[in-house]
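Colleague: Structure provided below as structure tokens; questions to follow.
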Amino acid sequence: MLSKVITISQQKGGTGKTTLAIHLAMGFIKYHNLKVAVVDTDPQGSLGQWFMIRSEKKISNHNLSFKTASLWGAQYESKTLKKDHDIVIIDTPPKIESDARPSIEASDLVLIPMTPSHVDFWATEAIIDIAKKANKKIMIQINRANQRSKQIIKTNDYIKSLNVPSVNIIIGNRQIYASSMGEGKTAIEKQRKGSAVDEIKKLSEQILLELNQ
Ligand SMILES: Nc1ncnc2c1ncn2[C@@H]1O[C@H](COP(=O)(O)OP(=O)(O)O)[C@@H](O)[C@H]1O
Ligand SMILES: [Mg+2]
């Protein structure tokens, strides 16, 4: 067992935490044959809803486990889950600055999705601060990007100024990410090839490399 914990964290809602959590989970399973647990700590429970649709539709959950926990409970839950899973992914709610610590302390890597808008910038720094203090690996992931937008350059400059590693795969703003989730699936189960498949495959590879360092 690899037994690594990834916490996906970002103060701002709607940056793609949950989307990334499930796509990464399915990417690890599909392309790396790993056993993955996802822990939903968001009382809104959109990850849980996804899992429920999936289970009702009898879509294969081979190598995938799902749990819910409070932000505090995630620490205990992930400790238990990592005994028999290669990767545990903790999905977190927004606005958690004061409560973020336990889920970050439980992790080996903190993955921070941000969209290329100035609004996300400020929201990123509080989490980075906590993760740095806890001595955790950090990676920033640009999500929902319009590849041709000038905002990408600004976002990259901003990330550089933070002095934190970023994933070099930019996730595009693609309908398939949203529509697949509504069906209890992921883009990589809906499509066999294409940009989303390439993105998730490369993302999963890069995260694994980082975890193994
Ligand atoms: N790369 C993407 N392309 C298109 N839509 C996306 C992408 N990432 C997220 N979304 C959509 O944006 C919304 C917010 O994403 P979500 O993962 O729920 O964010 P969070 O968990 O951070 O609040 C959802 O409707 C989701 O389907
Ligand atoms: Mg969410």
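Colleague: For Thr186, state whether it is within 23 Å of Leu109 (Cα to Cα), at pLDDT 95 or above and crowded, with 16+ Cβ neighbours inside 10 Å.
Modeller: So Thr186 passes the test.
Colleague: Collect the residues in the range 74-100 that are farther than 23 Å from Asn212 by Cα and crowded, with 16+ Cβ neighbours inside 10 Å, keeping them in residue-number order.
Modeller: Thr92, Pro93, Pro94, Ile96, Ala100
Colleague: Here is a check on your reading of the model: is Ala106 modelled with pLDDT under 95, surrounded by 22 or more Cβ atoms within 10 Å (Cβ to Cβ) and among the hydrophobic types (A, V, I, L, M, F, W, C)?
Modeller: The answer is no for Ala106.
Colleague: Which residues, counting only those in the range 160-180, are within 16 Å of ligand 2 (Cβ to nearest atom) and either farther than 22 Å from Met139 by Cβ or modelled with pLDDT under 95 (or both)?
Modeller: If the condition is that a residue be within 16 Å of ligand 2 (Cβ to nearest atom) and either farther than 22 Å from Met139 by Cβ or modelled with pLDDT under 95 (or both), then Ala178, Ser180 are the ones that fit.
Colleague: Quick one: which strands (runs of 3 or more DSSP E) lie wholly within the range 9-107 and hold at least 1 residues that are within 15 Å of ligand 1 (Cβ to nearest atom) and in contact (Cβ under 8 Å) with a residue 40 or more places away in the chain?
Modeller: In the range 9-107, 36-40, 87-91 are the strands (runs of 3 or more DSSP E) which contain 1 or more residues that are within 15 Å of ligand 1 (Cβ to nearest atom) and in contact (Cβ under 8 Å) with a residue 40 or more places away in the chain.
Colleague: Answer yes or no: is there a residue in the range 49-62 that is within 12 Å of ligand 2 (Cβ to nearest atom) and surrounded by fewer than 18 Cβ atoms within 10 Å (Cβ to Cβ).
Modeller: Yes, there is a match, as at least one residue in the range 49-62 is within 12 Å of ligand 2 (Cβ to nearest atom) and surrounded by fewer than 18 Cβ atoms within 10 Å (Cβ to Cβ).
Colleague: For residues that are aliphatic (A, V, I, L, M) and modelled with pLDDT of 95 or more, scanning just the range 75-101, find the one that is farthest from the chain's Cα centre (by Cα).
Modeller: Leu81
The values are calculated or read from the model by the stated rules, or taken from the named source; none is laboratory data. All figures in this text were calculated on a predicted structure; none of them were measured in a lab. Neighbour counts are summed over all protein chains in view; Cβ atoms, including those assigned to glycine, are modelled from backbone coordinates with ideal geometry.
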